[in-house]
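**Q** Got a structure for you, written out below as structure tokens; questions coming shortly.
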Amino acid sequence: MTITITLDTEHVNNLDISPALEVISQLLQHKAMASSEQQLSFNIQYALSPGDPRELSEIPELRLWFVRLDAKYPWLPFLLDWKSGELARYTAMLVPHQFSAKEGIQYNPEALEIFLMHKIFILGDWLKEQGIPSRSRLKSMAQMLGYDLDEALFEMV
């Protein structure tokens, strides 16, 4: 079951994260976090000027909206539909990157490492609080972003 958060230009320009708050608060109330794993997607209806070649993740206002959302729910990657590319898009909203016609999105490597480790620590603690096994999930998320996590990391944390 896919859960969709729809946001439009007005939400973005006013930093109004209420569409996400409504959806996520319902999941929290019903304690449906585990069953909502990798089910969340965004329907972004942001108006661009005709001929504007930018990708959505290149629009500063949209990136700022996602920064605000991430500040509220830093564990949100757990809910994102990774298979449909939502984790990659979410990461692009938060991590500096460039687009290459041949290679696609190219994240700033240092920024991506910091982002990933930040999410690993946040999600590790949050998943433990939720009673959800975390090691394989965290390793899978890292692999989606091109990293292999060493078992020693989990023993240290």
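**Q** Six or more apart or on different chains, Cβ atoms under 8 Å: show the pairs whose first residue is in region 69-81 and in contact (Cβ under 8 Å) with a residue 40 or more places away in the chain and more than 15 Å from PHE121 (Cα to Cα) and whose second is open to solvent by 10 Å² or more (accessible area, probe 1.4 Å) and not in a loop (DSSP other than H, G, I, E, B).
**A** From residues that are in contact (Cβ under 8 Å) with a residue 40 or more places away in the chain and more than 15 Å from PHE121 (Cα to Cα), the pairs are LYS72/LEU21; LEU79/ILE3; LEU79/LEU27; LEU80/SER41; LEU80/GLU86; ASP81/SER41.
**Q** Here is a further query. Pull out all pairs, ordered by first then second residue, where Cβ-Cβ is under 6 Å, the residues are six or more apart or on different chains, the first lies in region 24-45 and is at negative phi, and the second is open to solvent by less than 20 Å² (accessible area, probe 1.4 Å) and of a type in the set (Gly, Ala, Ser).
**A** LEU27/SER36
**Q** Would you tally the residues in region 70-104 being within 21 Å of LEU15 (Cβ to Cβ) and either in contact with a strand residue (DSSP E or B) (Cβ under 9 Å, 6 or more places away or on another chain) or among the aromatic types (Phe, Trp, Tyr) (or both)?
**A** Of region 70-104, the ones within 21 Å of LEU15 (Cβ to Cβ) are 70-77, 79-80, 86, 89-96.
If we keep only those that are either in contact with a strand residue (DSSP E or B) (Cβ under 9 Å, 6 or more places away or on another chain) or among the aromatic types (Phe, Trp, Tyr) (or both) as well, we get 73, 75-76, 79-80, 86, 89-92, 95-96.
Residues in region 70-104 being within 21 Å of LEU15 (Cβ to Cβ) and either in contact with a strand residue (DSSP E or B) (Cβ under 9 Å, 6 or more places away or on another chain) or among the aromatic types (Phe, Trp, Tyr) (or both): 12 in total.
**Q** Can you confirm whether region 112-124 contains a residue that is modelled with pLDDT of 95 or more, open to solvent by 80 Å² or more (accessible area, probe 1.4 Å) and of a type in the set (A, V, I, L, M)?
**A** The answer is yes, given that some residue of region 112-124 is modelled with pLDDT of 95 or more, open to solvent by 80 Å² or more (accessible area, probe 1.4 Å) and of a type in the set (A, V, I, L, M).
**Q** Considering region 60-83 alone, what residues qualify as being at pLDDT below 95 and exposed (fewer than 14 other Cβ atoms within 10 Å of the Cβ)?
**A** Of everything in region 60-83, just one residue is at pLDDT below 95 and exposed (fewer than 14 other Cβ atoms within 10 Å of the Cβ), namely LYS83.
**Q** In region 114-130, how many residues are without any contact (Cβ under 8 Å) to a residue 24 or more places away in the chain and more than 14 Å from the chain's Cα centre (by Cα)?
**A** So the answer is 4.
**Q** Let me ask something else. Considering SER49, SER18, SER57, which residue is surrounded by fewer than 18 Cβ atoms within 10 Å (Cβ to Cβ) and in contact with a His (Cβ under 9 Å, 6 or more places away or on another chain)? Don't jump to the end; show me each part of the working.
**A** Details: SER49 fails: in contact with a His (Cβ under 9 Å, 6 or more places away or on another chain); SER57 fails: surrounded by fewer than 18 Cβ atoms within 10 Å (Cβ to Cβ).
The match here is SER18.
**Q** Given region 39-157, what helices (runs of 4 or more DSSP H) lie entirely inside it while holding 3 or more residues that are charged (D, E, K, R) and closer than 19 Å to ALA20 by Cα?
**A** Numbers: elements: 60-72, 86-94, 109-130, 135-144, 151-156.
Once the helices (runs of 4 or more DSSP H) in region 39-157 are filtered for at least 3 residues that are charged (D, E, K, R) and closer than 19 Å to ALA20 by Cα, what remains is 60-72.
The values are calculated or read from the model by the stated rules, or taken from the named source; none is laboratory data. Note that this is a predicted model, so its numbers are computed, not measured. Cβ: placed from backbone, ideal geometry, glycine included. Neighbour counts: every protein chain shown. Surface areas here come from the heavy atoms of the whole protein model, side chains and all, with no ligands, DNA or RNA. Shrake-Rupley method; radii C 1.70, N 1.55, O 1.52, S 1.80 Å.
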